[in-house]
1. Which one is farthest from VAL33 (Cα to Cα), of the residues in the range 212-234 that are away from the ligand (no atom under 14 Å from the Cβ) and open to solvent by less than 60 Å² (accessible area, probe 1.4 Å)?
2. Give ARG260, ARG295 a once-over and let me know the one that is under 30 Å from ARG76 (Cα atoms) and within 14 Å of the ligand (Cβ to nearest atom).
3. Whether any residue in the range 72-79 is modelled with pLDDT of 95 or more and within 13 Å of the ligand (Cβ to nearest atom) is what I want to check.
4. Filter the range 362-400 down to residues that are touching a Phe, Trp or Tyr at 6+ places or on another chain (Cβ under 8 Å) and either of a type in the set (Ser, Thr, Tyr) or in a loop (DSSP other than H, G, I, E, B) (or both) and give me whichever is surrounded by the most Cβ atoms within 10 Å (Cβ to Cβ).
5. Being farther than 15 Å from HIS337 by Cβ and crowded, with 19+ Cβ neighbours inside 10 Å is the filter here; which residues of the range 296-306 pass it?
6. Has the range 85-93 got any residue that is over 23 Å from TYR208 (Cα atoms) and either in a strand (DSSP E or B) or in contact with a Leu (Cβ under 6 Å, 6 or more places away or on another chain) (or both)?
7. Can you pull out the residues in the range 43-64 that are part of a loop (DSSP other than H, G, I, E, B) and near the ligand (Cβ under 7 Å from one of its atoms)?
8. For GLY12, state whether it is open to solvent by 10 Å² or more (accessible area, probe 1.4 Å) and not polar (S, T, N, Q).
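The values are calculated or read from the model by the stated rules, or taken from the named source; none is laboratory data. On a predicted model such as this, the values are computed, not experimentally measured, just so you know. FYI the Cβ positions are ideal-geometry reconstructions off the backbone, even for glycines, and counts take in every protein chain you see. Only protein heavy atoms, including side chains, enter the accessible area calculation; ligands, DNA and RNA are left aside. Shrake-Rupley method; radii C 1.70, N 1.55, O 1.52, S 1.80 Å.
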Amino acid sequence: MRIIVVGGGVIGVTSAYWLRLAGHEVALIEQDVEAGRGVSAGNGGQLSYAYVEPLAGPDLWTKFPAILLGLDSAVRMRPDLSLDSIRWGLSFLRHCIGKRQTDSLKSLLVLAAESHRALAELLNDVPLQFDYAAAGKLILYRDAKALDEAGRLAEIKRQHGFRIETLGRARCLALEPALDRYRNGFAGGIYAPEDAAGDCGLFTRGLYDHLGRAMGVETHGSMRVTHLTMRDGRVVGVELDTDDMRADAVVLANGIDAPRLAATVGLKLPIEPVKGYSITAPARPDAPIVSLTDRAEKIVFAHLGHRLRAAAFADLDGWSPSVNPKRAQQLLALALHLFPAAADWDRAEPIWAGQRPMTPSGMPLIGASRVPGLYLNAGHGGLGWTLACGAGKRLAGIIA
Ligand SMILES: Cc1cc2nc3c(=O)[nH]c(=O)nc-3n(C[C@H](O)[C@H](O)[C@H](O)COP(=O)(O)OP(=O)(O)OC[C@H]3O[C@@H](n4cnc5c(N)ncnc54)[C@H](O)[C@@H]3O)c2cc1C
């Protein structure tokens, strides 16, 4: 089949890779001059296979009043009040119920395990440099109660084949001595030794180049898909700014723009943008090696080559991609306050913001849509880097 993949983010390039391996003729279309400059560019860098908890969870109900009043510094809510956003919000709240969250978590764990294996296969085949390190991940919990609750979810993860250890404070410090200079208190942590980190933007650009150079994928940069083309009730291609292109099937892998394109053939996708920020600075010798997530402050740290990256915040503040200078300042202040010795924060790169393409359940949309000829690989929320390889391979299996 001839297949057009729309979007050169991490989801588009991994989709194109597995579709090409399956023998399809693939055209990959990216609107930017370069691949990997959307939300894949500056994300937290964590390949967080064993920690895929959806954003929608029971604890959100208790925090909801504080979020609405703007008192929760990690989450901001100023959505545009369109009917679609309201519908999305109500569905999100329904997914905060315990049983639904556990169901989503189990589905995400299955996809994460597939993704872990699929990335290893890909790296066996394609030599990519992206500051990859499989140094494990530690999630810190402020008090014993929160640590106990996380320990219960750890059992579900073990059932899915993940190695998980619950560590008290002393064992966390022995595992990651840099935590001695971490300024936030913690009672202990959940350690996932098989989790990893890497620069998602570097990976995406490297794979995009490889697809064009060595695998015979048609890669088209600086080309924007404006509409999907329908004939006799079937998607048969795409319209570009100045041209059109035909195919037997089209895959929407264009992140937060997927709902707009799907709407051109009457399909509604439940995806809303949730903005987050990251700061990247030269790592000091005292930087942590293990990836860290501080559950109380909702901030992550990942060591990427000679750099340390911190990422945080979940802002439902509409569709504009702009960096809010106040939030950028808050992130710098938070990183400096929590981990002053870990990086040269005063020599940081400009603060980056990206929009997570989020579904209410946290589960991405992967597979055939209800419109013949149109397939989806979109809505990976805060886990797209972790899930990309599994999602790309699963999609190719479904199309086969
Ligand atoms: C602060 C932050 C931290 C994060 N941390 C992590 C983490 O640690 N681990 C993790 O797993 N995930 C993390 N994520 C989530 C992850 O970054 C995303 O889920 C993932 O990058 C989504 O990839 P994508 O390919 O769908 O989107 P994108 O990277 O945005 O790619 C979509 C591409 O499509 C192109 N495009 C859009 N419309 C069109 C069009 N009409 N025509 C042609 N091209 C088009 C865009 O230019 C873009 O390049 C984080 C996100 C944020 C914001």
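1. Of everything passing the filter in the range 212-234, GLY233 is farthest from VAL33 (Cα to Cα).
2. ARG260
3. Within the range 72-79, not a single residue is modelled with pLDDT of 95 or more and within 13 Å of the ligand (Cβ to nearest atom).
4. THR386
5. VAL300, ALA302, HIS303, LEU304
6. The answer is no; no qualifying residue exists.
7. Of everything in the range 43-64, those that are part of a loop (DSSP other than H, G, I, E, B) and near the ligand (Cβ under 7 Å from one of its atoms) turn out to be ASN43, GLY44, GLY45, SER48.
8. no
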